[in-house]
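Participant: Sending over a structure as structure tokens; questions will come in a sec.
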Amino acid sequence: MLSVQGLSKSFGPFLAVADANLEVARGEVVAVIGPNGAGKTTLFKLITGQLKPDGGRVLFKGQDIAGLSPHRVCRLGLSLSYQVVNIFSRMSVFENVQVAVLARRRQVLRLFTPAAHLAVDETWEILNSVGLAEKAAVTSGTLSHGDSKVLEMAIALGNRPELLIMDEPTAGMSPEETRAAMALIRRLNTEMGLTILFCEHDMELVFNLAQRIMVMRQGRTIAQGTCDEVRCDEKVQQAYLGGHDHA
Ligand code: ADP
Ligand code: MG
């Protein structure tokens, strides 16, 4: 579904992503891990069109999408949920998701039109699937951090993505919220058939969720493989047990 080939990006003289290679098959859960500053967010921004790569290719369903606008990439079925929560804080939980659903349908939020009505059913469906239905009427800005992150996922689902990319979906969450978010991500994969690519700096966290893992450090891909392969990799152990970059 996704094939990243030799992708690179510099900021001035600084090489943030160097020759990244990554394959994601339909139906898989794949994790990118690496210490802070490893280049994970930059890699995701290159894939989703927020940044233009200096070199390399990004094939999504066989089409080279490198350099396309985020909007066009999104239309092709690839959604990104951000590391930093990105919601309309003064709108309700329901409205935030409804706007995303309407945007996919190329409609704006105008209440009492038939279109808005259609989006209502789909919005409830999404809120139910992520477990936010009870909080539909809540003003988004008053949600707990954990719920905000789940709302972000719900907004991304409004695009009906085939591939959902999540940048540190559990960042800042309590252990309890983290467990719930992990369970949700697993359900999105198994029950809704979503292909998922996410990144994390906590290695332990991804082991029981991801089927395959790519490890980055200082912009470079230092390992790639199944959980077991990555766990046993000497370079990975060094990166995590030895010198912390600046976590
Ligand atoms: P990660 O998500 O793995 O923590 P990032 O992709 O955010 O890492 O950052 C990788 C490196 O690139 C960091 O050293 C960061 O400071 C640098 N970087 C990221 N974005 C920019 C930018 N817009 N301009 C300059 N440097 C950047
Ligand atoms: Mg990051």
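Participant: Only four residue types carry charge here, +1 at the Cβ of Lys and Arg and -1 at the Cβ of Asp and Glu. Report the dipole size of segment 85-160 about the Cα centre in Debye, rounded to the nearest 20.
Facilitator: Approximately 300 debye in magnitude.
Participant: With an 8 Å Cα cut-off and a minimum separation of 6 or more residues, compute the relative contact order for segment 189-228 in percent.
Facilitator: Averaging sequence separation for qualifying contacts and normalising by length gives 27 percent for segment 189-228.
Participant: Regarding the chain, what's the average projected area of the Cα-atom convex hull, expressed in nm²?
Facilitator: Dividing the Cα hull surface by four gives the mean projection, 13.3 nm².
Participant: Rg to Rh for segment 85-160: what is it, with Cα atoms only and Rh by Kirkwood?
Facilitator: 0.93
Participant: Explain nothing, just the number: dipole magnitude of the chain about its Cα centre with +1 on each Lys and Arg Cβ and -1 on each Asp and Glu Cβ, in debye rounded to the nearest 20.
Facilitator: Magnitude of the dipole: close to 880 debye.
Participant: Can you compute the modelled spin-label distance between Ser69 and Arg160, with each label point 7 Å from Cα toward Cβ, in nm?
Facilitator: 2.2 nm
Participant: Then there's this: Put a dot 7 Å past each Cα toward the Cβ at Arg105 and Glu229; how far apart are the dots in nm?
Facilitator: 4.4 nm
Participant: A further question on this structure: Assign unit charges at the C-beta atoms only (+1 for Lys and Arg, -1 for Asp and Glu), then state the dipole size of segment 146-247 relative to its Cα centre in Debye, rounded to the nearest 20.
Facilitator: Dipole size: approximately 220 debye.
Participant: Which one of Ser144, Ile33, Gly12 has its Cα pushed farthest toward the positive end of the charge dipole of the chain, where Lys and Arg give +1 and Asp and Glu give -1 at the Cβ?
Facilitator: Projecting each Cα onto the dipole axis, the largest value belongs to Gly12.
Participant: While we're on this one: Suppose each label sits 7 Å from its Cα in the direction of the beta carbon; what would the Arg220-Ser174 distance come out to in nanometres?
Facilitator: 4.2 nm
Participant: Ignoring ligands, DNA and RNA, what percent of the accessible area of the chain is carbon or sulfur (1.4 Å)?
Facilitator: That fraction is 53 percent.
Participant: Relative to the first principal axis of the alpha-carbon coordinates of the chain, what is the inclination of helix 93-104, with its axis defined by its Cα atoms, in degrees from 0 to 90 and to the nearest 10?
Facilitator: Roughly 80 degrees, rounded to the nearest 10.
Participant: Follow-up. Once the piece of chain linking Glu134 and Glu191 is laid out straight, how much longer is it, given 0.36 nm per residue of separation minus the C-alpha distance between them?
Facilitator: 18.4 nm
Participant: Of the listed pairs Lys9/Lys61; Lys9/Lys135; Lys9/Lys149, which have alpha-carbon separations greater than 31 Å here?
Facilitator: Lys9/Lys135
Participant: How large is ³J(HN,Hα), in whole Hz, for each residue of segment 184-201 in order, when computed from phi with the Karplus curve 6.51 cos²θ - 1.76 cosθ + 1.60 and θ = phi - 60°, using x for Gly and Pro?
Facilitator: Here the 3J(HN,Hα) series is 5, 4, 5, 5, 4, 6, 7, 8, 9, x, 6, 8, 10, 10, 9, 10, 7, 9 Hz.
Participant: Hey, in the GNM for the chain with a 10 angstrom Cα cutoff, which one of Leu15, Leu43, Leu78 fluctuates hardest?
Facilitator: Leu15
Participant: List the GluC sites (Glu not before Pro) within segment 154-247 that DSSP assigns to loop and that have no more than 12 neighbouring Cβ atoms inside 10 Å.
Facilitator: Counting only loop positions with at most 12 other Cβ atoms within 10 Å, the GluC sites (Glu not before Pro) in segment 154-247 are Glu191.
Participant: Rounded to whole Hz and in sequence order, give me ³J(HN,Hα) for segment 39-50 from the Karplus expression 6.51 cos²θ - 1.76 cosθ + 1.60, θ = phi - 60°, writing x for Gly and Pro.
Facilitator: Per residue, the Karplus-derived 3J(HN,Hα) values read x, 5, 4, 4, 4, 5, 5, 5, 5, 9, x, 6 Hz.
The values are calculated or read from the model by the stated rules, or taken from the named source; none is laboratory data. Bear in mind the structure is a predicted one, so any value in this text is a computation, not a measurement. Note: ideal-geometry Cβ built from the backbone for every residue, glycine included; neighbour counts use all protein chains shown. We work out accessible area using only protein heavy atoms, side chains counted, and drop any ligands, DNA or RNA first. Shrake-Rupley method; radii C 1.70, N 1.55, O 1.52, S 1.80 Å.
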